[in-house]
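Colleague: What follows is a structure written as structure tokens; I'll ask about it next.
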Amino acid sequence: MSRYNRQIILSEIGQEGQDRISRAKVLVIGAGGLGCPVLQYLAAAGIGTLGIVDFDVVEESNLQRQILFGVSSLGQNKALAAKSRLLDLNPTIHIETYTDKFDEYNSLQLLRDYDIVVDCTDNFETRYIINDASVIESKPVVYGAIYKFEGQVSVFNFENGPSYRCLFPSLPEKETIPNCSEIGVLGVLSGIIGTMQANEVLKIVLKFKGVLSGELLCYNARSAEIQILKFSKSKSEIERITKKSSLVLEGGRSSGPSMSKNEISFRDLKDIDTVQLVDVREPNEEPKIQNYMGLTVPFRELESRLDEISRDRTVILFCQHGLRSKKAVNLLRKHNIINTLSLREGAYGLIKLNKIDDDG
Amino acid sequence: MELQIKYYGMLAEISQCDEELLNFDGTTGADLLHFLIQKYPSFATKDIKVAQYNQIMDLGNKITSSEIALLPPFSGG
């Protein structure tokens with residue numbers, strides 16, 4: 001087949017390497033700034049099965065770096081929009097899409113059918129869930145993360161190598177580290193880091209030496225400097241993860257690996273009629289919730305509108321992705337409004353809940 | 001001893017430089033972090049790894065290299 005000729009004629013790859021590539025099954029979690037270049041190169045190289053997990057929809061502000069999408073993808077789910085673009089690029093591969101949020105309930109199940117996991121998410125919480133689930137399921141994780149003009153790449157859990165927790169043992173307690181939508185990012189940086197992740201995936205598939213296991217590659221886009229820092233495996237951290245495997249397997253609700261006490265999942269929202277719902281998004285933000293009966297108080301107005309917040313009902317705050325609403329919970333608690341929780345899945349969680357109710 | 005300290009990510013924003021030369025009187029990685037928190041109090045709220053000889057070190061170990069890198073976790077994607 002002429003499609004793969006340029007890589008097959010590399011003596012280090014050959015037809016045997018190409019066969020490995022076409023047998024490989026790779027799960028890419030997050031089809032955003034990192035996920036797009038990862039998916040694009042892996043699909044082009046002919047990775048036989050690609051899984052794409054993303055619950056989010058394409059917005060105009062994504063187009064500056066999320067190169068699989070165009071104007072015609074706006075409003076579409078990212079996993080589905082990515083699939084249709086990738087099948088045009090390479091119709092010979094198989095693509096599975098998952099439009100739910102990757103969480104502690106579905107993580108093990110999703111990982112099981114794949115050989116390699118690529119972490120292209122944009123938040124610490126999901127990164128720790130990916131790490132723990134991959135340790136339990138013994139899957140290598142190709143990790144990439146960015147901050148402004150800098151990026152990090154590593155491969156965790158490769159042939160019993162160190163995991164993310166061996167480097168950073170626990171989820172940062174406070175929301176001390178802002179994400180791209182709050183702080184900004186240069187589009188090419190996610191392209192560079194995502195492409196490095198795709199390269200690590202191919203190195204693993206092709207059984208090349210020099211996989212970035214136990215090594216954290218740090219790249220600075222302004223100085224063009226790369227520093228590779230070595231780190232060791234921590235047996236106690238790995239044991240901590242494997243010990244709690246049963247909790248995750250049973251979908252252990254509030255005892256899950258990373259659900260903190262100021263959050264609730266839409267799955268646990270039983271008596272929605274007895275709580276006060278507060279939308280802390282700006283009025284123009286999508287998606288809109290149909291038949292919404294709760295309050296709308298944009299986060300920036302919250303402190304001046306405290307008298308509207310219920311003191312005797314549980315207050316459930318939500319925003320787009322559960323970050324601002326978490327800050328809102330902290331703010332309300334500072335003002336002694338204690339019985340408040342942030343809806344973890346944000347507005348999308350409420351929409352799902354409405355769907356479940358409609359379906360009976 | 002004089003240390004050349006390199007800061008990654010938001011640590012460089014707090015220190016307002018990518019690298020700097022500092023005189024350090026302590027012994028271990030933990031001493032160094034403690035020393036830097038005096039200089040940059042908001043380092044105290046960050047999860048910081050210290051590396052010497054391109055190796056992330058146990059904070060209890062002695063600093064023997066004159067070139068040190070400090071890095072926080074990144075989450076963006």
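Colleague: Kindly indicate the residue of segment A:104-127 that is hydroxyl-bearing (S, T, Y) and in contact with a helix residue (DSSP H, G or I) (Cβ under 7 Å, 6 or more places away or on another chain) and also nearest to the other protein chains (Cβ to nearest Cβ) among those meeting that condition.
Modeller: The extreme case among them is A:T121.
Colleague: I'm trying to understand the selection: among the residues of segment A:128-160, which are outside any strand (DSSP E or B), in contact (Cβ under 8 Å) with a residue 60 or more places away in the chain and open to solvent by less than 10 Å² (accessible area, probe 1.4 Å)?
Modeller: Within segment A:128-160, A:Y128, A:I129, A:I130, A:N131, A:D132, A:A133 qualify.
Colleague: Among the candidates A:K203, A:K230, A:K209, single out the residue that is within 9 Å of chain B (Cβ to nearest Cβ), surrounded by fewer than 19 Cβ atoms within 10 Å (Cβ to Cβ) and of a type in the set (K, R).
Modeller: A:K230
Colleague: Given the condition crowded, with 17+ Cβ neighbours inside 10 Å, aromatic (F, W, Y), modelled with pLDDT of 95 or more and within 25 Å of A:G184 (Cβ to Cβ), answer yes or no: does some residue in segment A:50-64 qualify?
Modeller: yes
Colleague: A:P91 passes all but one of (1) under 16 Å from A:L50 (Cβ atoms); (2) in contact (Cβ under 8 Å) with a residue 24 or more places away in the chain; which number fails?
Modeller: For A:P91, the failing item is (2).
Colleague: Can we say B:D31 is open to solvent by 30 Å² or more (accessible area, probe 1.4 Å), outside any strand (DSSP E or B), of a type in the set (D, E) and more than 9 Å from every other protein chain (Cβ to nearest Cβ)?
Modeller: Yes: the conditions hold for B:D31.
Residues checked against (1) open to solvent by less than 10 Å² (accessible area, probe 1.4 Å); (2) touching a residue at least 40 places away in the same chain (Cβ under 8 Å):
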position	(1), (2)
A:N262	no, yes
A:M293	no, no
A:V315	yes, yes
A:K334	no, no
A:S342	yes, yes
A:E345	no, yes
A:K355	no, no
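Colleague: Considering only segment B:53-77, state which residues are surrounded by fewer than 21 Cβ atoms within 10 Å (Cβ to Cβ) and either on the phi > 0 side of the Ramachandran plot or more than 10 Å from chain A (Cβ to nearest Cβ) (or both).
Modeller: B:Y53, B:N54, B:L59, B:G60, B:N61, B:K62, B:I63, B:T64, B:S65, B:S66, B:E67
Colleague: Kindly provide the set of residues from segment A:293-321 that are over 19 Å from A:G75 (Cβ atoms) and assigned to a loop (DSSP other than H, G, I, E, B), ordered by number. If you could, list the steps in order and put the result at the bottom.
Modeller: As a first pass, look at segment A:293-321 and keep what is over 19 Å from A:G75 (Cβ atoms): A:293-318.
A:M293, A:G294, A:V297, A:P298, A:I309, A:S310, A:R311, A:D312, A:R313, A:T314 - these are the residues of segment A:293-321 that are over 19 Å from A:G75 (Cβ atoms) and assigned to a loop (DSSP other than H, G, I, E, B).
Colleague: Do any helices (runs of 4 or more DSSP H) lying entirely in segment A:1-72 carry at least 2 residues that are within 14 Å of chain B (Cβ to nearest Cβ) and closer than 22 Å to A:M196 by Cβ, and which ones are they?
Modeller: Correct list: A:35-45.
Colleague: Yes or no: A:L323 within 25 Å of A:E59 (Cβ to Cβ), open to solvent by 10 Å² or more (accessible area, probe 1.4 Å) and touching a residue at least 60 places away in the same chain (Cβ under 8 Å)? Reasoning before the result, please.
Modeller: Details: within 25 Å of A:E59 (Cβ to Cβ): yes; open to solvent by 10 Å² or more (accessible area, probe 1.4 Å): yes; touching a residue at least 60 places away in the same chain (Cβ under 8 Å): yes.
Answer is yes for this residue.
Colleague: What number of residues within segment B:1-27 are away from chain A (no Cβ under 14 Å), surrounded by 13 or more Cβ atoms within 10 Å (Cβ to Cβ) and within 12 Å of the chain's Cα centre (by Cα)?
Modeller: Adding up the residues that qualify gives 5.
The values are calculated or read from the model by the stated rules, or taken from the named source; none is laboratory data. Here the structure is a predicted model, which is why all the values come from computation and not from measurement. Because the Cβ atoms are built from the backbone with ideal geometry, glycine has one as well, and the counts that use them run over all protein chains shown. Ligands, DNA and RNA are stripped out before the accessible areas are found, and what is left, the full protein with its side chains, is counted by its heavy atoms. Shrake-Rupley method; radii C 1.70, N 1.55, O 1.52, S 1.80 Å.
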